[in-house]
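Derivation of every value follows stated rules applied to the coordinates shown; laboratory data play no part. What you are looking at is a predicted structure, and each value in this text was computed from that prediction instead of being measured. Because the Cβ atoms are built from the backbone with ideal geometry, glycine has one as well, and the counts that use them run over all protein chains shown.
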Amino acid sequence: MRTACIALLGVALYGGITPARAVAQSTSESDSAFIATHYAKRELRIAMRDGARLFTVLYVPRDASAARRYPIVLQRTPFSAAPYGSTAYATTLAPDAFMLRDQYIFVTQEVRGRYLSEGTFENVRPLLSDVAKARDPRAADEATDAFDTIDWLAHNVPEHDGRVGLIGISYGGYYAAAAALSRHPAIVASSLQAPVMDFFFEDFHHNGALLEAHLGAFPVFGTVRPEPTMKHWWLPSLAPVADFTSGDYDSLLTLGPLRNATTRFLANDTWWRAIVAHPNYDSFWQARAMPPRLRGITHPVLVVGGWFDAENLYGTLEAYRALRARSPAAVVSLVMGPFAHRGWLDRDAPHTMHGDLYLGDSLATVFQRDVEAPFFRAHLKRASSTTAPAASSMLFDTGRKTWTRFARWPAPGVVRRSYFFGGDGSLTTTAPAAPNAFVQYVSDPRKPVPSRCSGPTIEDGTLNRVMSDDQRCFTSRPDVATFQTAALDGDATFAGEITARLSVSTTGTDADFVVKVIDVYPPDEADNPFRRDSVRLGGYQQLVRGEIMRGRYRRSFSAPVPFRPNEVTEVVVRLPDVFHTFRKGHRIMVQVQSTWFPMFDRNPQRYVRSIYEADASDFVRATQRIWVSPRAASRLDVQMLP
């Protein structure tokens, strides 16, 4: 472990950092005051190869000159680069205060068609092929826009030292990945943080099921901008959707079939119309999938995410996997912390919590200071490295509540284990013996299983607490099948891939299957010391991981097929990776259900060509059977630390 990358990933783990020290070393001067004192602002419009000019903001250290040069940190965004005007300064520039004080030339660019940038916006614009670019030198996509931007900066900013780092968070991660694929020679490092990778499997869908809770996001991306503007032109379109969805379960249930969202709110929304026109994983989605395109990257990449990210957990893990597989020359490191979406950006949060859970102190601060800032410092602040960096991963065990470092992910040496569902509600490592055994429940899409036991699913327009929420209220529901182990006689650490293989039958012709993996706490579990509410953790049932699979896609996401009533078939539900230790005395629980509302839209359970076109009469009750016999053994397959 002799390299800069290993060192920067290991400091927080083995360097003796304590929570008190982490907070004490946080910066005292506010970001906004530091920016005003140490940076000068410039606003530019940089011409792309097709003539479109993109609005770009530079913050240059005031002591920079042709003799004292700085590297560039570039962020490209579909959101506003406000405040506008050369005398109006941002309150923050960098993802953390430590990078801000290291001082770079911070560059933010609004992508084409957004706010003050010219051109036409296309949501997750597909990248062009090399053939298309060779055929038309003016052809532009997000990779060429990034290349042209970097090239212009390299030749026109005299204070620039020739090195560029890329960073992108959430949707910005998609643009950072596209910029990395421009392969401009000035790029020496990039960080993809909760990056959007494929909207058919994250943000707007999970395995083909629509995240109905995200209806309010459509106007932001699907409202046509009439002309370049500093204003949020999409706000008038957002208001009626936001007002309606604020009612959460009840209001979205009264909305009825998804076709009513079209007629009531989104008839003119270009992104909604595109989704309705492409319900299956066809060429429209495949052209926008970033993971297959992450080839030929040679510079170091730091991939960052949170285990409780309800938006782009899929994208984070897929970006890491794709880079490792398709860009072998790149040094790819992974950090997964106990964070919600963008939670690692929190400044000086003394206690890191998610929902009802306390996870440790100052974990975001430690990441920012000891991982993120040193990563960019190592690659941007030095001209070269005498030792080739090696990859590493730093992951937070959400059960033990500790960081662990591995050479890669999944961890070397993991073993595979199967937990079989029993007809008596048991969950064991022993295969079932009873022939023709099953557990059944009746699913009624008119009375769907709620996303949460209590409180709203949608918080500030998105999802959050649901990712680690208490599941106790669902155990006794007749439309939820529950399986659990006996109290564990030792720790069991799930560390990597997790897949449910269900043998099912249904009386309907379509069905969804939701699988939730749950940590059942013992009765004497201590309460969160920093919560002063009535939540008691004794007997708490913490959601560790949950996922939905739209059954019509069980064979292919591109070619849906109906179920044959009462015929046993396999439905595979691939859940996002986990790193969680079920402690001694806890139990492992699995719940299976067919609705998870309003987080996800409801399957009518009568097969229709497109659920976006379903009528109210298509929504019918169905009896779902989970088979637990030797020839149809439903189970959970996991990777575990030995």
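Net charge of the neighbourhood of V57, taken over other residues with C-beta under 14 Å away and scored Lys/Arg +1, Asp/Glu -1, is +4.
Please report S251, S454, S327 as a ranked list, fewest other C-beta atoms within 10 angstrom at the top and most at the bottom. List each step's numbers first, then the result.
Working: S251 13, S454 9, S327 19.
Going from least to most buried by this count: S454, S251, S327.
The order of V73, V220, going from fewest to most other C-beta atoms within 10 Å of their C-beta, is V220, V73. For R347 and A431, the FRET efficiency from 1/(1 + (r/R0)^6), where r spans their Cβ atoms and R0 equals 51 Å, is about 0.50.
Nearest 0.05, what FRET efficiency do R62 and T623 give at R0 = 60 Å with Cβ-Cβ as r? Here the calculated transfer efficiency is 0.25.
Counting other Cβ atoms within 10 Å of each Cβ, which chymotrypsin sites (Phe, Trp or Tyr not before Pro) in the stretch 507-547 have at most 14 and sit in a DSSP loop?
Passing both the DSSP loop test and the Cβ count: F530.
Phi-derived couplings, Karplus 6.51 cos²θ - 1.76 cosθ + 1.60 at θ = phi - 60°, listed residue by residue for the stretch 342-359: 6, x, 6, 8, 4, 9, 6, 6, x, 10, 8, 9, 9, x, 8, 9, 9, 10 Hz, with x used for Gly and Pro. Here the stretch 111-151 is scanned for amide nitrogen atoms under 12 Å from the site 7 Å beyond the Cα of R183 along Cα-to-Cβ, giving 130-131. The 3J(HN,Hα) values that the Karplus relation (6.51, -1.76, 1.60; θ = phi - 60°) gives for the stretch 499-513 are, in residue order, 9, 9, 10, 9, 9, 10, 9, 9, 7, x, 10, 8, 6, 9, 10 Hz. Gly and Pro appear as x.
Of all beta bridges that DSSP places with both ends in the chain, some 75 percent have antiparallel geometry.
Within straight-line reach of K41, meaning a Cα separation under 24 Å, sit the following lysines at least 8 residues removed in sequence or on another chain: K231, K381. For the stretch 595-636, what class follows from the C-alpha gyration tensor (a ≥ b ≥ c being the square roots of its eigenvalues): rounded when a/c is under 1.5, otherwise prolate if a/b is larger than b/c, else oblate? It comes out prolate by the Cα gyration axes. What separates the Cα centres of the stretch 344-360 and the stretch 498-567 is a distance of 25 Å.
Quote the charge dipole size of the stretch 415-640 about the Cα centre in Debye, to the nearest 20; the model charges only the Cβ of Lys and Arg (+1) and of Asp and Glu (-1).
Working: 30 positive and 26 negative charges, 95 e Å.
Dipole of the stretch 415-640, to the nearest 20 debye: 460 debye.
Working from label points 7 Å from Cα in the Cα-to-Cβ sense, the D527 to R138 distance is 6.9 nm. Candidates S556, A274, G208 compared by Cα position along the dipole of the chain: farthest toward the positive end lies S556, with charges placed on Cβ.
Rounded to the nearest 20 Debye, what is the dipole magnitude of the chain about its Cα centre when Lys and Arg each give +1 and Asp and Glu each give -1 at the C-beta?
Values: 71 positive and 65 negative charges, 265 e Å.
Here the chain has a charge dipole of around 1280 debye.
Please label the shape of the stretch 415-640 as rounded, prolate or oblate, based on the square roots a ≥ b ≥ c of the eigenvalues of the alpha-carbon gyration tensor (a/c under 1.5 means rounded; beyond that, a/b larger than b/c means prolate, else oblate). Before the final figure, lay out each step's value.
Working: a/c = 1.90, a/b = 1.27, b/c = 1.50.
Oblate.
A cut-off of 5 Å between modelled amide H atoms, ignoring neighbours fewer than 5 places along the same chain, links R554 with V561.
From least to most packed, judged by other beta carbons within 10 angstrom and beginning with the fewest, W271, W596 follow the order W271, W596.
Once backbone amide H atoms are built at 1.01 Å from N, A40 has V60, R62 as its partners under 5 Å, excluding neighbours fewer than 5 places away on the same chain. Karplus-based coupling profile of the stretch 262-267, in residue order and whole Hz: 5, 6, 8, 10, 10, 4, with θ = phi - 60° in 6.51 cos²θ - 1.76 cosθ + 1.60 and x standing for Gly or Pro.
Estimated at 0.36 nm per residue, the fully extended path between R477 and S454 surpasses their Cα-Cα distance by 6.8 nm. Listed by chain and number, the lysines whose alpha-carbon sits under 17 Å from that of K401, ignoring those within fewer than 8 places in the same chain, are K584. So for the stretch 415-640, taking the charge dipole from beta-carbon charges (+1 Lys/Arg, -1 Asp/Glu), which of V590, P565, P456 sits furthest toward the positive end? It is P565, whose Cα lies furthest towards the positive end. Ranking I150, G165, P137 by Cα position along the charge dipole of the stretch 112-180, where only Lys, Arg, Asp and Glu carry charges on their C-beta atoms, puts P137 farthest toward the positive end. Go ahead and collect, in residue order, the members of the stretch 418-448 whose backbone nitrogen is under 12 Å from a label point 7 Å along the Cα-Cβ direction of V568. In the stretch 418-448, the label zone of V568 (backbone N under 12 Å from the point 7 Å along Cα→Cβ) covers 432-439. Amide H to amide H distances under 5 Å link R452 with no residue, where only residues 5 or more positions off or on other chains count and H is placed in the peptide plane. Indicate the gyration tensor shape class of the stretch 217-352 (rounded, prolate or oblate), computed on the Cα atoms with a ≥ b ≥ c the square roots of the eigenvalues: a/c under 1.5 is rounded; otherwise a/b larger than b/c is prolate and the rest oblate. Note, shape of the stretch 217-352 comes out prolate. Put simply, when 372-382, 470-480 are sorted by average Cβ atoms within 10 angstrom per residue, most first, you get 372-382, 470-480.
Distance in nm between label sites at S418 and D615, each 7 Å beyond Cα in the beta-carbon direction? A separation of 4.4 nm, rounded to one decimal place. Computed about the Cα centre, the dipole magnitude for the stretch 461-521 is approximately 140 debye when only Lys and Arg (+1) and Asp and Glu (-1) carry charge, each at its Cβ.
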